[in-house]
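Step one of this worksheet: look at the structure below.
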Amino acid sequence: MGVWAGELLGLELPQKGKRLLVVVETDGCFADGVSVATGCWLGRRTMRLLDYGRVAATFVDTQSLRGMRLAPRPGLREQVQQGRRLGQRRWDAYMEAYQELSAEELFRLEWEPSLDWVGELVGKPSQRAVCAGCGEEVLNGREVRGEGLVLCRACAGVSPYQPAGRPPGGR
């Protein structure tokens, strides 16, 4: 998936810089595979995780501002299983098919019509604030401002995590 995205965007992968941004929609081995193929990593701020539980990723060329979302074609697993040879292990059938099928046969491609959402996702690197609730540092413009206060998302009640001793949404 990552290799094909690089071809479509005209980028040499795995990248050494930070031109490509990838947004993966599930964690685990899928995200690791995308990292290895593209050179995009959470720690380098070139990958973001929006955990929707879907094996899909959006690839954004941050220079040309072109992007696409790739996901396995619906029914692909079932198609592979129907073609499985007698006695062939399920995972072996997947590996064989994934190596033989073209990228167009494997993935559904949707070019992103607008990438306005990317700026919010990336945040504001090097921006720092201190939460008035818990005293912790908040990075990259992720603080919540209101009523004269600067709060982290947890103290502002917009996070599933809540600081100890505080009710959800409470200060």
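The values are calculated or read from the model by the stated rules, or taken from the named source; none is laboratory data. These numbers were taken from a predicted model, which means no experiment stands behind them. In this analysis, Cβ positions are derived from the backbone assuming ideal geometry, glycine residues included, and neighbour counts consider all displayed protein chains.
Only one residue in R90, R85, R69 is surrounded by 12 or more Cβ atoms within 10 Å (Cβ to Cβ) and either modelled with pLDDT under 95 or touching an Asp or Glu at 6+ places or on another chain (Cβ under 9 Å) (or both). Which one?
Just a single option satisfies the conditions, and that option is R69.
Looking for something part of a helix (DSSP H, G or I), in contact with a helix residue (DSSP H, G or I) (Cβ under 6 Å, 6 or more places away or on another chain), without any contact (Cβ under 8 Å) to a residue 40 or more places away in the chain and surrounded by 11 or more Cβ atoms within 10 Å (Cβ to Cβ) - is there at least one such residue anywhere in region 107-119?
no
Out of everything in region 101-126 that is charged (D, E, K, R) and more than 19 Å from G2 (Cβ to Cβ), what residue ends up being farthest from the chain's Cα centre (by Cα)?
Here the residue is K124.
So, in region 27-45, of the ones that are modelled with pLDDT of 95 or more and assigned to a loop (DSSP other than H, G, I, E, B), which residue ends up farthest from P125 (Cα to Cα)?
Among them, the one singled out is G39.
Mind counting the residues in region 53-66 that are part of a loop (DSSP other than H, G, I, E, B) and either without any contact (Cβ under 8 Å) to a residue 40 or more places away in the chain or surrounded by 15 or more Cβ atoms within 10 Å (Cβ to Cβ) (or both)?
5
If you go through region 69-76 one residue at a time, do you hit one that is more than 29 Å from N140 (Cα to Cα), outside the structural domain of G141 (by TED's automatic domain parsing) and touching a residue at least 60 places away in the same chain (Cβ under 8 Å)?
No - not one qualifying residue is present in region 69-76.
Identify, please: which residue in region 18-40 is among the β-branched types (V, I, T), touching a Lys or Arg at 6+ places or on another chain (Cβ under 8 Å) and without any contact (Cβ under 8 Å) to a residue 40 or more places away in the chain and is, among those, nearest to F59 (Cα to Cα)?
V22
Cβ-Cβ distance below 6 Å, separation of 6 or more or different chains: which pairs start in region 121-139 with a residue that is farther than 28 Å from F59 by Cβ and end on one that is small (G, A, S) and surrounded by 11 or more Cβ atoms within 10 Å (Cβ to Cβ)?
Qualifying pairs under 6 Å: V138/A129.
Going by what's in this entry, would W4 be described as over 20 Å from G119 (Cα atoms) and in contact (Cβ under 8 Å) with a residue 40 or more places away in the chain?
It is true that W4 is over 20 Å from G119 (Cα atoms) and in contact (Cβ under 8 Å) with a residue 40 or more places away in the chain.
Every residue in region 50-62 that is modelled with pLDDT under 95 and within 10 Å of the chain's Cα centre (by Cα), please.
Passing the criteria: L50, D51, Y52.
Looking at (1) surrounded by 11 or more Cβ atoms within 10 Å (Cβ to Cβ); (2) over 21 Å from K18 (Cα atoms); (3) of a type outside the set (S, T, Y); (4) at pLDDT 90 or above, find the lone condition where A154 falls short.
Looking at each condition in turn, A154 falls short on (4).
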